[in-house]
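Written below as structure tokens is the structure these notes are about.
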Amino acid sequence: MTGIQNLPSRNQLLLPILETVQEMGGHARADMVIEKVDERLNIPAEVSQDYRQVHYDRWGKRQRCAWRQMLHWVRLDAVHSGLLQKVENGYWTLSQKGTDSLHNCQPGAILLIYETPSGQAIWADAITAAGAMADNSIQLLFTSPPYPLAGVGRKYGNLKPDQTVKMIVDCAKEWRRALTDDGSIVINLRDCFLPKAETGGAVRSIYQEQILVSLVQDAKLFFADRFYWKNPAHAPDNAWVTVHRVRTNLDVENIFWLSKSPNPKADNRNVLVDAAPATIATYLRKARKNSTNRIGPSGNKNLFEEQIASVAAGQSIKVIPRNLIEASNSDTQRSLKELLEKLHLPRHDAIMPLKLAEFFLKFLTSVGDTVADPFHGSGTTALAAERLGRKWIGSDRSLAHVVASAIRLREFNPQFQPP
């Protein structure tokens, strides 16, 4: 099928379809639902109307659109899960179970859904949850907001880039108040392209840069550092890459680290990594020279001596990591998807790797510190906090996501009883 920008996979289309049917009254003609989904996800005509002849053996050739066919497959998945029901041919209808799973919290409302000895999962939108945070209570706010889409929509994931900027900055003003004096905010943002209708070509949005500048100038935060997340499991998802061939594959996503003060709490000794073979070879080469100035690649003589001793003992050398973090979410997505399918719960659109969350929790917090995630989603931050002995607060606008995250935490702690 033709690749397009921000194209969800078959599994990731479930929630947008259910939300669209709900907004159309819970019962609507299939062609109208598909049209609304196309608008919601900003699907270009060259994809939504890409009909091609497909040979079906004894049934002969038929005209088929791969995109529309995938939407119908998702609809069948939803029927099988009990989220949609068969009522009338040619119509898509929400079941009561589907309606219940789509409850989105209204602005100003906040409700505790479940808690563990270490944390709380709250049903609230990001702005409401930010306003409810206690002063100087959060050591680290680690989050990955839903990336913006160029199309018009009312859910977080469907905000336009400029609307996303405003939402994040409005929240950040409250986040800053809730941070400890040496606390940090780490936010993962993904690139997005602007619509061809607006630009005439393959042009990226600068919403990430606008957010960064606004967080410093308007929210009065300090820009501590920038990291890059490389996801080896990321597939090409842009028509300018796979069809027009004028762009290369997206390889990394930005992670901005901001802080309340110029000297945030951080310790890179908690996130040391194994040295690469080339680095070890450099240490050994310098050791063989038997120089009196044996300071090694790290620039620290004592550390160099310790590392040479480690190599001699057959142990690995630990070094300070670089700001490029490689972490795949494919294994997490697969296991969580299977778990939620068994329980007939919709999965989150974009699951963050546990490795990514654990890196920043180790780097910027200590045991007993409190971590917050205002876009709780599948509960990755909460799970990392549970594993590392941190306290946590997670909030999300979607009740379905909050409930699903409880199921995930139960896998880590079988004694925990989800709601």
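Tally the residues that are of a type in the set (A, V, I, L, M, F, W, C), more than 16 Å from residue 142 (Cβ to Cβ) and part of a helix (DSSP H, G or I), restricting the search to segment 156-192. Qualifying residue count, segment 156-192: 3. State all residues of segment 388-401 that are modelled with pLDDT of 95 or more and surrounded by fewer than 23 Cβ atoms within 10 Å (Cβ to Cβ); if no residue qualifies, say none. The answer is 388, 389, 391.
Filter segment 141-160 down to residues that are touching an Asp or Glu at 6+ places or on another chain (Cβ under 7 Å) and modelled with pLDDT of 90 or more and give me whichever is farthest from residue 398 (Cα to Cα). For segment 141-160, the residue satisfying everything is 142. If the condition is being farther than 23 Å from residue 401 by Cα and in a loop (DSSP other than H, G, I, E, B), then segment 351-374 contributes 365, 366, 367, 368, 369.
Candidates in segment 162-195 are the residues that are β-branched (Val, Ile, Thr) and under 18 Å from the mean Cα position of the chain (by Cα); of these, the one that is surrounded by the most Cβ atoms within 10 Å (Cβ to Cβ) is 185.
The values are calculated or read from the model by the stated rules, or taken from the named source; none is laboratory data. None of these values were measured; they are calculated from a predicted model. Neighbour counts are summed over all protein chains in view; Cβ atoms, including those assigned to glycine, are modelled from backbone coordinates with ideal geometry.
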